[in-house]
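Trainee: This is the structure, below, for whatever I ask next.
The values are calculated or read from the model by the stated rules, or taken from the named source; none is laboratory data. Since we're looking at a predicted model, the values are computed, not measured. Heads up, the Cβs are rebuilt from the backbone with ideal geometry, glycines too, and the neighbour counts pull from every protein chain shown.
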Amino acid sequence: MHVNEVALYISEQPSFELVAVADVPSEAEAIAPLRYTPVWNMQNVKENYCSNIYGDYKQMLDEIKPDLAFILTENAQKVRVVEECAKRGINICIEKPIALNLEEALKMQAVIKKYGIEAVVNWPVMWRGYIHKMQKALEQRIVGEPIKLHYMNGHTGPLGKGAKHRGVTAKAEEMTDEQRGKTWWHQEKLGGGVFLDISCYGAFFTKWLMGDGEESVLAYGANLNTPFGDTADNFAAIVKYDGKMSVLEGTWTTPRVMMPSGPTVICKDGVITCTGGAENQPDVKIYDIFGEEVPVPEFTLSDDYKNMPWHYAAHINERKPIHETLTFDKNVEIMAIMDALMKSSKSGKEEKIY
């Protein structure tokens, strides 16, 4: 459903034109075209952003020869779509996370290098000013070295009760459990589940805010309230470093309005935390070791951080570099954290990050 948001942003960027759209055949059983399901998303994009719809995405790539292809498929489809784009010399933007697992991410990395295309990764949180304000405060060591990151994110599921996604004003329509169970979101083989949907954000923040040096992960996931699917709907994990850690949590059973909008980072001399839920004007506050509030340096994002189309346009037109955490190679490192996290949940043991 991020396609609705991405299509909106493309339409607002003067250097971009959305010239064609195609879906990729799915193994998931078709259900009624309720809001945010694939058929509904396609119709929404067709009506509002691009009427040139192809039935075959390979034919679209051959005939359109786009400068950039946005890939927003099921996670299990990404490796084959990336290869089809790469061998045609088409640059790509992949919606987070990049793949089903580390093995597939490495396959994608190899084919990207083989054909010499540019690959970037869209992380919606990269375009949030308050996250950059936190990162700058950490970089300046205002309350010392970071030693522990805590991140919890969640909602009622991508198609859960009251679900709402950027680019569309209305909430998800009511669905039966049987209908939800048929969607790819609740099928592990297709890349569904809370791990790939939400742990990826935790791994992203770990890599961006805590830096390199991650060693191992201990994780646990369970299906606590979505028995119609075979995926975990809640998880908790600890990412271990030498001298610091990250604690990551995610849920598909609790509305995110009740949770902080971003991570909290405990530092040697205080804490930097995001305030407010995701829908409640989030911001950043800093407290020293005595609990006294510390001023947060002001920070304003430039236009090239509005969203991915603006970022990529600045990259092409002004030769600005892609943010490091949006490069494919850095996302292989992020996927390595996620891969160890998912393996740990299955093995019940601490798993090394490769």
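Trainee: Of the residues in the range 232-242, how many are of a type outside the set (Gly, Ala, Ser) and surrounded by fewer than 22 Cβ atoms within 10 Å (Cβ to Cβ)?
Mentor: Step one: filter the range 232-242 for residues of a type outside the set (Gly, Ala, Ser), giving 233-235, 238-242.
After this cut, where a residue has to be surrounded by fewer than 22 Cβ atoms within 10 Å (Cβ to Cβ) as well, the list is 234, 238, 240-242.
Total meeting the criteria: 5.
Trainee: A further question on this structure: Kindly indicate whether any position in the range 132-140 is in the same structural domain as CYS200 (by TED's automatic domain parsing) and free of Cβ contacts under 8 Å to residues at least 40 places away in the same chain.
Mentor: Yes, there is a match, as at least one residue in the range 132-140 is in the same structural domain as CYS200 (by TED's automatic domain parsing) and free of Cβ contacts under 8 Å to residues at least 40 places away in the same chain.
Trainee: In the range 209-227, which residues are touching a residue at least 60 places away in the same chain (Cβ under 8 Å), under 22 Å from ARG256 (Cα atoms) and either among the hydrophobic types (A, V, I, L, M, F, W, C) or in contact with a Leu (Cβ under 7 Å, 6 or more places away or on another chain) (or both)?
Mentor: If the condition is that a residue be touching a residue at least 60 places away in the same chain (Cβ under 8 Å), under 22 Å from ARG256 (Cα atoms) and either among the hydrophobic types (A, V, I, L, M, F, W, C) or in contact with a Leu (Cβ under 7 Å, 6 or more places away or on another chain) (or both), then LEU209, ALA219 are the ones that fit.
Trainee: For residues that are out of contact with any helix residue (DSSP H, G or I) (no Cβ under 7 Å at 6 or more places or on another chain) and in a helix (DSSP H, G or I), tally how many sit in the range 7-16. Full working, then the answer.
Mentor: Start the filter on the range 7-16 by keeping residues that are out of contact with any helix residue (DSSP H, G or I) (no Cβ under 7 Å at 6 or more places or on another chain), which leaves 8, 11-12, 14.
Now drop any that are not in a helix (DSSP H, G or I), which leaves 8, 11-12.
Total meeting the criteria: 3.
Trainee: Then there's this: Check whether at least one residue in the range 81-100 is more than 21 Å from ILE10 (Cβ to Cβ), touching a Lys or Arg at 6+ places or on another chain (Cβ under 9 Å) and part of a helix (DSSP H, G or I), and report yes or no.
Mentor: Checked against the condition, which is being more than 21 Å from ILE10 (Cβ to Cβ), touching a Lys or Arg at 6+ places or on another chain (Cβ under 9 Å) and part of a helix (DSSP H, G or I), the range 81-100 yields at least one hit.
Trainee: Now a separate question. Within the range 156-195, take every residue that is among the hydroxyl-bearing types (Ser, Thr, Tyr) and at pLDDT 90 or above and give me the one that is surrounded by the fewest Cβ atoms within 10 Å (Cβ to Cβ).
Mentor: Going residue by residue through the range 156-195, those that are among the hydroxyl-bearing types (Ser, Thr, Tyr) are 156, 169, 176, 183.
Next cut, at pLDDT 90 or above only: 176, 183.
Numbers: THR176: 11, THR183: 26.
Filtering first and then ranking leaves THR176.
Trainee: Mind checking which strands (runs of 3 or more DSSP E) fall wholly inside the range 237-354 and carry at least 3 residues that are in contact with a Pro (Cβ under 9 Å, 6 or more places away or on another chain)? Break it down stepwise before answering.
Mentor: Details: elements: 245-251, 264-267, 270-275, 283-288.
Here the list reads 264-267, 270-275.
Trainee: Are there any pairs with C-beta distances below 6 angstrom linking a residue in the range 147-176 that is over 20 Å from ALA232 (Cβ atoms) and in the same structural domain as ALA203 (by TED's automatic domain parsing) to a residue that is among the aromatic types (Phe, Trp, Tyr) and part of a loop (DSSP other than H, G, I, E, B), with the two at least 6 apart or on different chains, and if so which?
Mentor: Between residues of the range 147-176 that are over 20 Å from ALA232 (Cβ atoms) and in the same structural domain as ALA203 (by TED's automatic domain parsing) and residues that are among the aromatic types (Phe, Trp, Tyr) and part of a loop (DSSP other than H, G, I, E, B), the close pairs are ALA172/TYR36.
Trainee: Against the condition surrounded by 12 or more Cβ atoms within 10 Å (Cβ to Cβ), β-branched (Val, Ile, Thr) and more than 22 Å from GLU118 (Cα to Cα), how does ILE286 come out, does it pass?
Mentor: On the way: surrounded by 12 or more Cβ atoms within 10 Å (Cβ to Cβ): yes; β-branched (Val, Ile, Thr): yes; more than 22 Å from GLU118 (Cα to Cα): yes.
Judged against the criteria, ILE286 is a match.
Trainee: Sticking with this structure for a sec: Going residue by residue through the range 210-224, is there one that turns out to be among the aliphatic types (A, V, I, L, M) and surrounded by fewer than 17 Cβ atoms within 10 Å (Cβ to Cβ)? Step through it out loud before you land on a result.
Mentor: Applying the first criterion (among the aliphatic types (A, V, I, L, M)) to the range 210-224 yields 210, 217-219, 222, 224.
Filter once more, so that each one left must be surrounded by fewer than 17 Cβ atoms within 10 Å (Cβ to Cβ): 222, 224.
Within the range 210-224, one or more residues are among the aliphatic types (A, V, I, L, M) and surrounded by fewer than 17 Cβ atoms within 10 Å (Cβ to Cβ).
Trainee: Right, something else. Is one or more of the residues making up the range 49-65 surrounded by fewer than 17 Cβ atoms within 10 Å (Cβ to Cβ), touching a Gly at 6+ places or on another chain (Cβ under 8 Å) and either more than 27 Å from THR231 (Cα to Cα) or not assigned by TED's automatic domain parsing to the domain that holds ALA340 (or both)? Quick ask: steps written out before the conclusion?
Mentor: The first filter runs over the range 49-65 and keeps only residues surrounded by fewer than 17 Cβ atoms within 10 Å (Cβ to Cβ), leaving 50-56, 58-59, 62-65.
Among the residues that remain, those that are also touching a Gly at 6+ places or on another chain (Cβ under 8 Å) are: none.
Checked the range 49-65: no residue is surrounded by fewer than 17 Cβ atoms within 10 Å (Cβ to Cβ), touching a Gly at 6+ places or on another chain (Cβ under 8 Å) and either more than 27 Å from THR231 (Cα to Cα) or not assigned by TED's automatic domain parsing to the domain that holds ALA340 (or both).
Trainee: Are any of the residues in the range 53-68 hydroxyl-bearing (Ser, Thr, Tyr), within 21 Å of ALA7 (Cα to Cα) and without any contact (Cβ under 8 Å) to a residue 24 or more places away in the chain? I'd like the intermediate steps shown before the answer.
Mentor: Step one: filter the range 53-68 for residues hydroxyl-bearing (Ser, Thr, Tyr), giving 54, 57.
Next, only the ones that are within 21 Å of ALA7 (Cα to Cα) stay: 54, 57.
In the following step, the residues that additionally are without any contact (Cβ under 8 Å) to a residue 24 or more places away in the chain were identified as none.
No, the range 53-68 has no match at all.
Trainee: Now, a different point. Given VAL24, VAL19, VAL45, which one is in the same structural domain as CYS93 (by TED's automatic domain parsing) and part of a helix (DSSP H, G or I)? I'd like the intermediate steps shown before the answer.
Mentor: On the way: VAL24 fails: part of a helix (DSSP H, G or I); VAL19 fails: part of a helix (DSSP H, G or I).
Exactly one of VAL24, VAL19, VAL45 is in the same structural domain as CYS93 (by TED's automatic domain parsing) and part of a helix (DSSP H, G or I), namely VAL45.
Trainee: Also: Here are GLU63, GLU27: which of them is modelled with pLDDT of 95 or more and not hydrophobic (A, V, I, L, M, F, W, C)?
Mentor: On the way: GLU27 fails: modelled with pLDDT of 95 or more.
Just one listed residue meets the conditions, GLU63.
Trainee: Here's another thing I want to ask about it. Which one of VAL239, VAL271, VAL257 is at pLDDT below 95 and on the phi < 0 side of the Ramachandran plot?
Mentor: VAL257
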